[in-house]
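We did not get these values from a lab; they are worked out from the coordinates using the rules stated. It should be emphasised that the depicted structure is a prediction, and the values quoted were computed from it without experimental measurement. When we count neighbours, we look across all protein chains shown, and the Cβ atoms used for this are built from the backbone with ideal geometry, even at glycine.
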Amino acid sequence: MNTSPLILLAAGGTGGHLFPAEALGVELIRRGLRVRLATDSRASRYSGLFSKNTIDLVPSATVRSRAPWSLAYTGLMLAAGTAVSLSLMRRLKPAAVVGFGGYPTLYPTLPPLLAARLFGVPGVIHEANAVLGRANRFLSTHVNAIATSLPGVLDRDPALAGKTTIVGTPMRPGILAGAATKYVPPELTGPFRLLVVGGSQGARVMADIVPGAIERLEPALWGRLV
């Protein structure tokens, strides 16, 4: 039986939150720690590192409006997520909980970190953007440490800046391996390689705009596109 410390990672919604959590998970496992993921049903489908046996689903909801029925439903889901997270703290007894935010669902990250505080478990959040997201903004005063990808995220808040460390964005091994690929300059008559990058497993704006933009290229280039 593996008795090494367990780190519970919490991330949800989109790949932009899940994949940095996976990258940290890879490194923690390499260092001999056990890792589990608390997430929502949507993000669990994108995980390549975590098996079903190491994923804990936390009830979550999208804050769509301030209508009374919407707020009531969101409150119920938050309560359900908190109950699940408290149960996780009792059952798993993690050494620490690390949250990576979530969009558009807030609650895969909120309850685990709030439950961690109630149980006296160290909590950490990672913010990949230049401005704290809603979940991380709320959690920032309830965690022991804050990690950011960019400088200056909390410069205007000295109380939070004192527990903030710039670490960059954790990258998965496959992405780092790709960075080592030698660059091959394009040739006038060779393949024309076009890389399209969009967030959230392919942002809709890319699907709407890029095909039309390609159509406007000179016809002689179409056959060279890769």
Counting Lys +1, Arg +1, Asp -1, Glu -1, what net charge surrounds LEU154 among other residues with beta carbon under 12 Å of its beta carbon?
0
Amide H of ALA10 versus every other amide H placed in the peptide plane: which residues, excluding those fewer than 5 positions away on the same chain, fall under 5 Å?
ALA38, VAL98, GLY99, PHE100
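Suppose the chain between ALA159 and TRP69 were pulled fully straight at 0.36 nm per residue; how much longer would it get relative to their current alpha carbon spacing?
Working: separation 90, 0.36 × 90 = 32.40 nm, distance 3.62 nm.
That works out to 28.8 nm of additional length.
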If I model a spin label at ARG137 and ALA80 as a point 7 Å from the Cα along the Cα→Cβ vector, what separation in nanometres do I get?
2.6 nm
With springs connecting C-alpha atoms under 10 Å apart, model the chain as a Gaussian network and identify which of GLY16, GLY212, GLY174 has the largest mean-square fluctuation.
GLY212
How high is the FRET efficiency from ILE166 to ARG117, r the C-beta distance, R0 22 Å, rounded to 0.05?
0.40
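Rounded, prolate or oblate: pick one for the range 182-222, where a ≥ b ≥ c are the square roots of the eigenvalues of its C-alpha gyration tensor, a/c under 1.5 means rounded, and failing that, prolate if a/b is larger than b/c, else oblate.
Values: a/c = 5.06, a/b = 1.40, b/c = 3.61.
It is oblate, given that a/c is not under 1.5 and a/b is not larger than b/c.
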Springs between alpha-carbon atoms under 10 Å, Gaussian network over the chain: tell me which of ILE214, ILE166, ILE29 tops the mean-square fluctuations.
ILE214
Can you give me the span-like helices of the chain, meaning DSSP H runs with 27 Å or more of Cα extent along the axis and Kyte-Doolittle mean at or above -1.0?
68-92
Sparse-neighbour loop sites [chymotrypsin sites (Phe, Trp or Tyr not before Pro); the range 132-226; at most 12 other C-beta within 10 Å; DSSP]
TYR183
Other-chain or far-sequence residues with amide H under 5 Å of VAL35's (modelled H)
ILE7
Among SER41, SER85, SER51: highest mean-square fluctuation, GNM of the chain, C-alpha pairs under 10 Å
SER51
Net charge within 14 Å of ARG34 by Cβ-Cβ distance, Lys/Arg positive one each and Asp/Glu negative one each, not counting ARG34 itself?
+3
